[in-house]
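Asker: One structure coming up, written as structure tokens, with questions to follow.
The values are calculated or read from the model by the stated rules, or taken from the named source; none is laboratory data. Quick caveat, the model's predicted, so the values are computed rather than measured. Quick reminder, even Gly has a Cβ in these numbers, built from the backbone with ideal geometry, and neighbours come from all protein chains shown. Accessible surface areas use protein heavy atoms only, side chains included; no ligands, DNA or RNA. Shrake-Rupley method; radii C 1.70, N 1.55, O 1.52, S 1.80 Å.
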Amino acid sequence: MVSDVTVPELGVGVGWRPEIAGFVEALPKLRFTEVIAESVHPERPAPDLAALRDRGVTIVPHGVKLSLGGAEPVAADRVAHLAACAEVLKAPLVSEHVAFVRAGGIEAGHLLPVPRTRAALDVLTANIRRTRSELPVPLAVEPIAMLFDWPDDEYTEADFLTELLDRTGALLLLDVANVYANARNRGEDPLALLDRLPLDRVAYCHVAGGSEAGGRYHDTHAAAVPAGVLDLVAEMCARQRPPGFLLERDGHYPPVDELRAELDAIAAASGFPAVT
């Protein structure tokens with residue numbers, strides 16, 4: 001089921017959040033943004049989002065609560081909401097996570113890693129196929145940053161993701177910061193992980209900053225993008241440049257000059273035109 005979808009070039013973007021909506025809308029050359037799908041009301045999208053859509057900016061709805069890796073089937077109403085977001089925002093694709101967020105009716109409030117086992121792969125495959133069948137546009141799935149690996153994993157991260165994409169026909173949303181975080185937390189070389197991933201399936205990439213705490217690197221989205229992540233952006237583009245890179249910022253929003261500098265640094269590392 002290898003996907004034959006071609007994603008148009010997106011360039012450098014930044015995640016839309018209410019706290020920085022004015023900054024995002026004012027970026028003169030912005031062609032691409034992403035919005036948390038659960039924050040969108042399809043019957044009345046935020047005026048700032050609608051303005052971006054109407055000026056031709058590509059908006060990708062990014063889900064965080066489908067729980068594609070959960071043992072329970074994905075909820076039909078949540079998939080319907082994601083589909084409605086795609087339609088109202090004229091999105092060329094939507095995205096979600098290779099993770100679970102609920103079990104037995106309990107909401108974790110966090111993205112939790114799935115074990116890399118055959119059983120988990122079967123669950124993810126069923127949920128992603130079911131979700132794709134109800135969506136009007138392609139789906140890209142994002143492997144998350146992990147503080148730990150389950151003890152009985154049967155696959156490497158790269159092999160698990162490659163087989164998942166082969167089985168489902170989904171695209172890959174690759175978070176370069178997650179590659180950096182996972183490699184650091186495992187004591188591995190992030191370039192070695194990058195080189196094992198199916199880069200030809202990447203729909204677009206996330207870029208974000210984090211912080212060290214308790215002997216682990218945490219992907220917080222609340223700090224500036226570190227040099228190591230920017231180096232990975234450049235290394236990835238030297239191998240196969242994806243359609244776009246999107247800066248994620250959450251929880252702590254610096255002055256606009258710092259946000260512009262981060263976007264310019266991503267543009268310089270990727271070779272895409274600046275949007276500032």
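Asker: At 1.4 Å probe size, with no ligands or nucleic acids counted, give the accessible surface of F272 in Å², nearest ten.
Answerer: 10
Asker: So for the pair A261, R239, with labels modelled 7 Å out along Cα→Cβ, what separation do we get in nm?
Answerer: With each label placed 7 Å out from Cα toward Cβ, I get 3.0 nm.
Asker: Carbon-plus-sulfur fraction of the accessible area of the chain, 1.4 Å probe, in percent? Don't skip to the end; give the middle numbers.
Answerer: On the way: 6090 of 11440 Å².
C and S atoms contribute 53 percent here.
Asker: Determine the shape class of the stretch 113-156: with a ≥ b ≥ c the square roots of the Cα gyration tensor eigenvalues, call it rounded for a/c under 1.5, and otherwise prolate if a/b is greater than b/c, oblate otherwise. Please list the in-between numbers first.
Answerer: Working: a/c = 3.78, a/b = 1.87, b/c = 2.02.
Note, shape of the stretch 113-156 comes out oblate.
Asker: Considering the options V74, H41, I59, tell which one lies farthest towards the positive end of the dipole of the stretch 1-88, charges being +1 on Lys and Arg and -1 on Asp and Glu at the Cβ, about the Cα centre.
Answerer: Comparing the listed Cα positions along the dipole, I59 ranks first.
Asker: In what sequence, highest mean first, do 163-174, 205-216, 79-90, 40-51 appear when ranked by Cβ atoms within 10 angstrom? Mind showing how you got there, number by number?
Answerer: Working: 163-174: 22.0, 205-216: 17.1, 79-90: 19.8, 40-51: 14.8.
Going by the mean number of other Cβ atoms within 10 Å, highest first, we get 163-174, 79-90, 205-216, 40-51.
Asker: Could you pull out every residue, at least 5 positions away or on a different chain, whose amide H is within less than 5 Å of the one on V60? Hs are placed 1.01 Å off N in the peptide plane, and Pro or chain starts have none.
Answerer: For V60, whose amide H was placed from the backbone, the distant partners under 5 Å are T33, E34, V35.
Asker: Just to compare against my own numbers: the Cα pair-distance distribution for the stretch 166-207, 5 Å bins, whole % per bin, please.
Answerer: Spelled out per bin, shortest first, that is 6, 23, 28, 22, 14, 7, 0.
Asker: Report the one residue of V256, I20, L93 whose Cα lies farthest in the direction of the positive end of the charge dipole of the chain (charges on C-beta: Lys and Arg +1, Asp and Glu -1; origin at the Cα centre).
Answerer: Looking along the dipole axis, the top candidate is L93.
Asker: Return one whole number: the accessible area per residue of the stretch 16-76 in Å², for a 1.4 Å probe. Could the numbers behind the result be given before it?
Answerer: Values: 2640 Å² over 61 residues.
Result: 43 Å² per residue.
Asker: Given q = 0.15, 0.18, 0.24 Å⁻¹, what are the Debye log10 I(q)/I(0) values for the stretch 1-65, with equal point scatterers placed on the Cα positions and solvent ignored?
Answerer: Reported log10 I(q)/I(0), two decimals: -0.49, -0.68, -1.08.
Asker: Now, a different point. Express in Å², to the nearest 10, the accessible area of Y155 obtained by rolling a 1.4 Å probe over the protein heavy atoms while all chains stay in place.
Answerer: Accessible area of Y155: about 40 Å².
Asker: Given Cβ point charges of +1 (Lys, Arg) and -1 (Asp, Glu) and nothing else, what value in debye, to the nearest 20, does the dipole of the stretch 11-270 about its Cα centre take?
Answerer: Details: 25 positive and 38 negative charges, 129 e Å.
Roughly 620 debye for the stretch 11-270.
Asker: Report, to two decimal places, the Cα Rg of the stretch 1-113 normalised by 2.2 N^0.38 Å (N = number of residues).
Answerer: Rg over 2.2 N^0.38 Å, computed on Cα atoms: 1.14.
Asker: Under a point-charge model restricted to the Cβ atoms of Lys and Arg (+1) and Asp and Glu (-1), what is the dipole moment magnitude of the stretch 124-213 relative to its Cα centre, in debye to the nearest 20?
Answerer: Numbers: 8 positive and 16 negative charges, 89 e Å.
Here the stretch 124-213 has a charge dipole of around 420 debye.
Asker: Need one word for the stretch 141-276: rounded, prolate or oblate. Basis is the Cα gyration tensor (sqrt eigenvalues a ≥ b ≥ c); a/c below 1.5 gives rounded, then a/b vs b/c decides.
Answerer: Working: a/c = 1.98, a/b = 1.29, b/c = 1.53.
It comes out oblate by the Cα gyration axes.
Asker: Taking a quarter of the surface of the convex hull around the Cα atoms of the stretch 11-270, what do you get in nm²? Each step should come with its number before you reach the end.
Answerer: Values: hull surface 52.4 nm².
Mean shadow area of the hull around the Cα atoms is 13.1 nm².
Asker: About the Cα centre of the stretch 1-58, how large is the charge dipole given +1 on each Lys and Arg Cβ and -1 on each Asp and Glu Cβ? Please answer in debye to the nearest 20.
Answerer: Values: 6 positive and 9 negative charges, 38 e Å.
For this selection, approximately 180 debye.
Asker: Whole number in Å², please: accessible area per residue of the stretch 136-196, 1.4 Å probe, ligands, DNA and RNA not counted.
Answerer: Numbers: 2240 Å² over 61 residues.
I get 37 Å² per residue for the stretch 136-196.
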